[in-house]
Amino acid sequence: MGKRVKLNVFTGLIILLLIALNVYLYATKAIPGAIEGSMDIRYNRVCDFMKHKWAGVEEFPSMLCCMLPLALFPSIESARIGWLVANFIFVAIILYCLRKTIFSDCNNIGFAIVGLLFCSSVPVIIAFMNGQNLLFSFAFFMLAYYLTEKTDTKKVGFLSFVVGILLGISYFKYSVIFFIVPIFIYKKRYFEIAVSAIMHVVLNLFSMYWLNVSLTTIITSPITTSVSTNKGVGYIDLMTLFNSDLITIFRGGARIKSILDNHHGNYIYMGVVAVTIVIMLIIAFKGKAKEEGVFAMYCALSTVLIYHRQYDFFVLAIPMYYCLKKLVEALNKWRLIKGAFYLVSLAGMAMILWGNWVFKALGLSIEYGLWQQVYYGTAILGLYLLCVISVLGNLLERK
């Protein structure tokens, strides 16, 4: 009885500390940053669209249509406040859907800790500060994923149509979401995928007349704009590694970088991505691996296959939870080598999600020198190891 009381007190202290950390982070960083300079909010772009203007920005016109409610705000200042409130709602939706699906086997206290850790992660706080869009997209994606549990694949009804619309709205942050969509193929939700695709086809065809631009421009302009705008600004994704000196923090990294530079690294990068996507689809169509492992794999791969800034990495919460379960399982069975792999993966994801806070609290810089190597080395090694073991595991695993 005494040990249980002590354990409950210890757990309560952890929860209180995490609540205090969240209050501090949101009061000092997230909320002031969102109100004063939420730079990535799409208010001006949506308002321009309403006036028949479109600058060929990263979003396809159909995706801007999903943001039309922003135009209801009278000014960008009020839109920033509205978007801040909306982001809190998006986080609540994400956590609720995770609780009902991927994290359903987690007890209430454990999920409270997981939720508080999620909310205090560097990517989520930065997403609030910058007015980023992945919280919006991922909330709709998770809502669509959750609702698939309420429908039968063999019976197409109104709810299936709703799931398709929600999935279509989630495509706004397509650089992340497109790599997770195969989970709907895994679940054989072909009708919902078709609805989401048709939704954007119809909206883009409408936009041709609304904006008076060609379909070719609508298709190509967002892609070329996105590539030119975001070139060289990624975090630790493959594109960034292939085109920056980050890989040189590892022994032999300089040699690898030289090979990439001399042998058209971009072509190698595109080849790796193409092969990986094919494998992802094979796993989805086969549907033989366990769903939670497949979902975790897609989330991990979505962060490395194309350029991302740090605020896109909160989707790692799903593979991190999965890795923690696999680590406990491996240790219980005394599979120490397997456990070591998952432990390294966990360390890498933890570095990405919370490393900045830890290093700043210790007064250490990750801009150069030893601590840069520790920070990026741990993150890169852990995340890429996770991707490799996830792909291999899901190819070999059976339900």
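None of the figures in this text is laboratory data; all of them are computed from the coordinates on show. Here the structure is a predicted model, which means the values were calculated and not measured. A quick note on method: Cβ atoms are made from the backbone with ideal geometry, for glycine too, and the neighbour counts reach across all protein chains shown.
Looking only at Leu159, Leu70, Leu134, which one moves most when the chain is put into a Gaussian network model with springs between Cα atoms under 10 Å?
The residue that fluctuates most here is Leu159.
Can you list the HN-Hα couplings for region 350-355, worked out from phi with the Karplus curve (6.51, -1.76, 1.60; θ = phi - 60°), rounded to whole Hz and with x for Gly and Pro?
Going residue by residue, I get 4, 4, 5, 7, 10, x Hz, with x marking Gly and Pro.
For Ile268 and Ile76, FRET efficiency with R0 = 41 Å and r from the beta-carbon atoms, rounded to 0.05?
Efficiency, from the Cβ-Cβ distance: 0.45.
Only loop residues by DSSP count here, and only those with at most 13 other Cβ atoms within 10 Å; note down the chymotrypsin sites (Phe, Trp or Tyr not before Pro) in region 301-345 that meet that.
Trp334
If you average the C-alpha positions of region 309-369 and of region 268-287 separately, how far apart do those two centres end up, in angstrom?
24
Need the full-extension length gain, Glu397 to Gln372, defined as separation in residues times 0.36 nm minus the C-alpha distance. One decimal, nm.
5.4 nm
Would you mind pulling out the separation of the Cα centroids of region 52-109 and region 205-224, in Å?
24
How high is the FRET efficiency between Phe285 and Lys333 when r is their beta carbon distance and R₀ equals 41 Å, given to the nearest 0.05?
0.85
Residue by residue, what Karplus-based ³J(HN,Hα) values in Hz, rounded to whole numbers, does region 331-348 have, using 6.51, -1.76 and 1.60 with θ = phi - 60° and x for Gly and Pro?
Per-residue couplings from phi come out as 5, 5, 9, 6, 9, 5, 5, 4, x, 5, 4, 5, 5, 5, 4, 4, 4, x Hz.
Under a GNM of the chain (C-alpha, springs under 10 Å), which listed residue has the highest mean-square fluctuation: Leu336, Leu147, Leu316?
Answer for the Gaussian network model of the chain: Leu336.
Distances over 28 Å make up what percent of all Cα-Cα pairs in region 231-399?
24
Roughly what percent of Cα-Cα pairs across region 81-229 reach past 19 Å?
Considering region 81-229, 61 percent of its Cα-Cα pairs are separated by more than 19 Å.
May I ask which of Lys288/Lys326; Lys155/Lys325; Lys53/Lys173; Lys286/Lys338; Lys288/Lys338 have a Cα-Cα span longer than 28 Å here? Walk me through the intermediate numbers first.
Working: Lys288/Lys326 18 Å; Lys155/Lys325 34 Å; Lys53/Lys173 21 Å; Lys286/Lys338 25 Å; Lys288/Lys338 21 Å.
In this structure, Lys155/Lys325 lie more than 28 Å apart at Cα.
Among rounded, prolate and oblate, which fits the chain when a ≥ b ≥ c are the square roots of the eigenvalues of its C-alpha gyration tensor, a/c under 1.5 means rounded, and a/b larger than b/c means prolate?
Taking the square roots of the gyration eigenvalues as a ≥ b ≥ c, the chain is rounded.
Within region 304-399, report the GluC sites (Glu not before Pro) that DSSP leaves as loop and that have at most 11 other Cβ atoms within 10 Å. If you can, show how the numbers build up before the last one.
On the way: sites: Glu329, Glu367, Glu397; in loops: Glu367, Glu397.
Counting only loop positions with at most 11 other Cβ atoms within 10 Å, the GluC sites (Glu not before Pro) in region 304-399 are Glu367.
I'd like the trypsin sites (Lys or Arg not before Pro) in region 17-106 restricted to DSSP loop residues with at most 14 other Cβ atoms within 10 Å, sorted by number.
Lys51, Lys53
Using a simple charge model, +1 on the beta-carbon of Lys and Arg, -1 on the beta-carbon of Asp and Glu, nothing else, what dipole does region 231-399 show about its Cα centre, in debye to the nearest 20?
The calculation lands at about 540 debye.
So, with +1 on the Cβ of K and R and -1 on the Cβ of D and E, and no other charges, what is the size of the charge dipole of region 125-236 about its Cα centre, to the nearest 20 debye?
200
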